[in-house]
Amino acid sequence: MNNVHWLLPEGIDELLPPKALLLEKKRRDLLDLFNSWGYDLIQPPFIEYLESLLTGTGGDLDLRTFKITDQVTGRTLGIRADITPQAARIDAHQLRRDAPTRLCYVGTVLNTRTDGFAGSRSPVQIGAELYGHAGEESDQEILCLMLETLEKAGVENVYIDLGHVGIFRALAEESGLNKQQELELFDALQRKAVPEITVLLASYNLTPEHHLRLSSLASLSGDDALVRAQELLSGAGESVQSALKQMERLSNLLAEQRPDVAVHFDLSELRG
């Protein structure tokens with residue numbers, strides 16, 4: 001018998017015994033953990049109108065999202081590739097609480113292509129989000145919950161790389177980069193493509209100071225990155241200085257609560 005009819009699309013998975021039960025047990029364990037921390041469970045829809053699904057997100061999510069036409073309305077629908085923006089929409093438009101909001105979720109997402117991490121285009125995503133508080137304490141809470149989540153999932157030898165996208169954004173604005181230039185440089189920094197970064201910056205007609213600050217981001221990683229950043233970015237504006245201080249305070253809070261976890265810095269780590 002020809003089995004070609006029963007093949008699944010590349011990157012689309014099914015779980016068989018006993019893995020299906022193991023995944024379900026882990027799902028329950030992690031949701032119980034989130035609940036014990038005060039995070040309320042939400043269940044966003046698997047499909048939404050595309051403009052709602054992608055509002056406030058970057059172009060990378062657009063490329064990862066499957067689009068179909070709604071046979072009822074004729075409008076374009078998107079199959080979620082990430083639940084995080086849906087949680088943000090629910091917080092902003094459905095709940096609209098005055099106090100900090102803690103939400104958690106779990107569900108399958110669908111991607112147009114694999115991200116290379118797990119090889120699946122239909123992974124199960126689980127997460128927790130804290131809205132309505134901008135201080136280091138909320139960052140600390142989320143990071144500590146993440147660490148406990150990884151431990152419960154059986155992940156060992158974890159270390160944290162701290163970044164701050166606000167530093168890149170502030171430097172790009174101070175340098176007068178247009179949107180296209182900012183996106184090009186953002187992409188190159190993610191890949192730490194130093195020769196490409198050098199070529200891009202040389203084409204942007206920057207002052208020597210702005211050129212130096214932007215070019216330094218790719219090298220500002222490691223245990224001493226904050227110390228070097230305070231010197232290399234000393235002439236940058238208040239937004240940059242504030243972000244550096246925030247990272248320093250957060251690392252100190254983490255060291256107090258989780259001295260067993262190594263914390264590193266990477267100012268070119270901008271994903272998400």
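The values are calculated or read from the model by the stated rules, or taken from the named source; none is laboratory data. Everything quoted here is computed from the prediction, not taken from an experiment. Note: ideal-geometry Cβ built from the backbone for every residue, glycine included; neighbour counts use all protein chains shown. Protein only, heavy atoms only, side chains kept; ligands, DNA and RNA dropped before computing areas. Shrake-Rupley method; radii C 1.70, N 1.55, O 1.52, S 1.80 Å.
For Lys19, the lysines whose Cα comes closer than 27 Å to its Cα, not counting residues fewer than 8 places off in the same chain, are Lys152. Sorted into 10 angstrom bins from 0, the C-alpha pair distances of the range 22-176 split as 9, 31, 38, 18, 3, 0 percent.
Calculated FRET efficiency, Val165 and Ile47, Cβ-Cβ r, R0 35 Å, to nearest 0.05? Can you show the working numbers first?
Details: r = 29 Å, r/R0 = 0.82.
Working from the Cβ atoms, E equals 0.75.
Taking the 1.4 Å solvent-accessible surface of the range 127-245 as the whole, the part contributed by carbon and sulfur is 52%. In the range 162-235 the Cα-Cα distances spread across 10 Å bins starting at 0 as 19, 59, 22, 1 percent of all pairs. The Cα atoms of the range 197-272 cover 45, 23, 22 Å along the three principal axes, with the biggest extent listed first.
Can you pull the Rg over Rh of the chain, Cα-only, Kirkwood? Don't jump to the answer; show the numbers that get you there.
On the way: Rg = 21.1 Å, Rh = 21.2 Å.
That ratio is 0.99, to two decimals.
Dipole magnitude for the range 156-272: computed about the Cα centre from +1 point charges on Lys and Arg Cβ and -1 point charges on Asp and Glu Cβ, it is near 180 debye. The figure for His5 is an accessible area of roughly 140 square angstrom, using a 1.4 Å probe on the protein chains alone. About the centre of its Cα atoms, the range 35-151 shows a dipole size close to 640 debye [charges on the beta carbon of Lys, Arg (+1) and Asp, Glu (-1) only; nearest 20 debye]. Sparse packing (at most 13 other Cβ atoms within 10 Å of the Cβ) combined with a DSSP loop state is found for the following trypsin sites (Lys or Arg not before Pro) in the range 39-110: Arg75, Arg96, Arg97.
Using only side-chain charges placed at the Cβ, +1 for Lys and Arg and -1 for Asp and Glu, the dipole size of the chain relative to its Cα centre rounds to 780 debye.
Spin-label model, Ser138 to Val155: label points 7 Å out along the Cα-to-beta-carbon direction sit 2.2 nm apart. Site pair Arg27 and His264 shows an inter-label distance of 3.4 nm when each label is modelled 7 Å from Cα along Cα→Cβ. With unit charges on the beta carbons (Lys and Arg positive, Asp and Glu negative) and the dipole taken about the Cα centre of the chain, which residue among Thr73, Gln94, Tyr159 sits farthest to the positive side? Result: Thr73, furthest along the dipole toward the positive end. Over the chain, Cα pairs under 8 Å with separation of 6+ residues give a relative contact order of 18 percent.
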